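Data first, discussion second: the structure below is written as structure tokens.
FYI, it's all coordinate maths here, none of it is from the lab. Please read all numbers here as calculations on a predicted model, not as lab measurements.
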Amino acid sequence: MKPKLSILVLLAGILVSLSFVGCGVFMPRGDYEAPQLPKSELATIKIDTEGGWLQRYKLMAFRIDGKLAVHKKIEVHEEIAIDEILVLPGKRDMSVTTIHRHFFQNDTGTTTQTLSKFSADVKAGGTYLLKDDNKLIDANTGEVVSQWKLF
């Protein structure tokens, strides 16, 4: 009886540990909530909606510290408006997930999901612009604060 019990305990231990280690990306669930502080004590992140780069996606999601800040389904020829996002100053881990369809010759279409991760040290009172060319830019100075990394 003891060998069967040991194997079951070992198997259960492995399954539990796999859920926390390495088998996928662990992201905290839930929606991002803006801090309840005066705007002057927070940093502002804006998503660039100019130039049509968002129109090529069907869906765009933006996360701050693993929390969902923007989830935008994009319709063809839709005018896109995304509110600014207020964040606490300091180092913030962010990610952008996009879903789009590719159509190739003699193909009905392929859906592709892309995940880009980056982090930035944002400052109180600062305004930052998330652009299509894989960059987070300080809107006041034009300086590149962070570059996206595709996963």
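Excluding same-chain neighbours fewer than eight residues apart, the lysines reachable from K149 by a Cα-Cα span under 30 Å are K39, K46, K58, K67, K72, K73, K91, K117, K123, K131, K135. Summary value for region 28-150: 27 percent relative contact order, contacts being C-alpha pairs under 8 angstrom separated by 6+ residues. Region 28-150 gives an Rg/Rh value of 1.00, both radii derived from C-alpha positions and Rh following Kirkwood.
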